[in-house]
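Working notes for the structure below.
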Amino acid sequence: MALINLITEKVLASAFIGGCAVVFVLRAIKAVKDRRDSNRIYGVLRRFDQDGQHKFRSSETISGITNLTQSRISELCCKHPHIERKEHQRHMWRVVN
């Protein structure tokens, strides 16, 4: 009962703290999904690299293997420190050491 009284007395503060908690949880979930998908893309590109195929791979090819959209692949590859984009072709990627 004391908790209910505290919440009703401090509605604005409670709403702010609750909103911050929701934002924190959503950002944490997004970060986990981004890391998971980024690791999947990196793994695919590493397999191509280990097979001696040092060529760039298209977002379309990666999409077919990972079941991720091409836009998601581009978004994650641009942020990954070990994946580079081909200079004049926006949707071509490879692993760099």
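Taking into account only those residues within region 18-63 that are touching a strand residue (DSSP E or B) at 6+ places or on another chain (Cβ under 8 Å) and closer than 15 Å to ARG90 by Cα, which is surrounded by the fewest Cβ atoms within 10 Å (Cβ to Cβ)? Step through it out loud before you land on a result.
Taking region 18-63 first, the residues touching a strand residue (DSSP E or B) at 6+ places or on another chain (Cβ under 8 Å) are 41-42, 44-46, 48-49, 54-59, 62.
The next check asks that each one be closer than 15 Å to ARG90 by Cα; those that pass are 55-59, 62.
Details: LYS55: 11, PHE56: 18, ARG57: 21, SER58: 16, SER59: 22, ILE62: 24.
If we take residues in region 18-63 being touching a strand residue (DSSP E or B) at 6+ places or on another chain (Cβ under 8 Å) and closer than 15 Å to ARG90 by Cα, then LYS55 is surrounded by the fewest Cβ atoms within 10 Å (Cβ to Cβ).
Looking at region 78-89, which of its residues are within 11 Å of PHE56 (Cβ to Cβ) and in contact with a helix residue (DSSP H, G or I) (Cβ under 7 Å, 6 or more places away or on another chain)?
Correct list: ILE83, ARG85.
Looking at THR66, is it at pLDDT 90 or above, in contact with a Lys or Arg (Cβ under 6 Å, 6 or more places away or on another chain) and surrounded by 15 or more Cβ atoms within 10 Å (Cβ to Cβ)? I'd like the intermediate steps shown before the answer.
On the way: at pLDDT 90 or above: yes; in contact with a Lys or Arg (Cβ under 6 Å, 6 or more places away or on another chain): yes; surrounded by 15 or more Cβ atoms within 10 Å (Cβ to Cβ): yes.
Yes: the conditions hold for THR66.
Within region 62-97, how many residues turn out to be in a helix (DSSP H, G or I) and without any contact (Cβ under 8 Å) to a residue 24 or more places away in the chain?
Counting residues in region 62-97 that are in a helix (DSSP H, G or I) and without any contact (Cβ under 8 Å) to a residue 24 or more places away in the chain gives 8.
Based on this model, can you work out whether GLU84 counts as out of contact with any Cys (no Cβ under 7 Å at 6 or more places or on another chain), open to solvent by 40 Å² or more (accessible area, probe 1.4 Å), farther than 19 Å from VAL96 by Cα and modelled with pLDDT under 95?
On the way: out of contact with any Cys (no Cβ under 7 Å at 6 or more places or on another chain): yes; open to solvent by 40 Å² or more (accessible area, probe 1.4 Å): yes; farther than 19 Å from VAL96 by Cα: no; modelled with pLDDT under 95: yes.
Taking the combined requirement at face value, the residue does not satisfy it.
The values are calculated or read from the model by the stated rules, or taken from the named source; none is laboratory data. From a predicted model like this one, the values you see are computed outputs, not experimental measurements. FYI the Cβ positions are ideal-geometry reconstructions off the backbone, even for glycines, and counts take in every protein chain you see. To get the accessible areas, we keep the full protein, side chains included, count just its heavy atoms, and leave off ligands, DNA and RNA. Shrake-Rupley method; radii C 1.70, N 1.55, O 1.52, S 1.80 Å.
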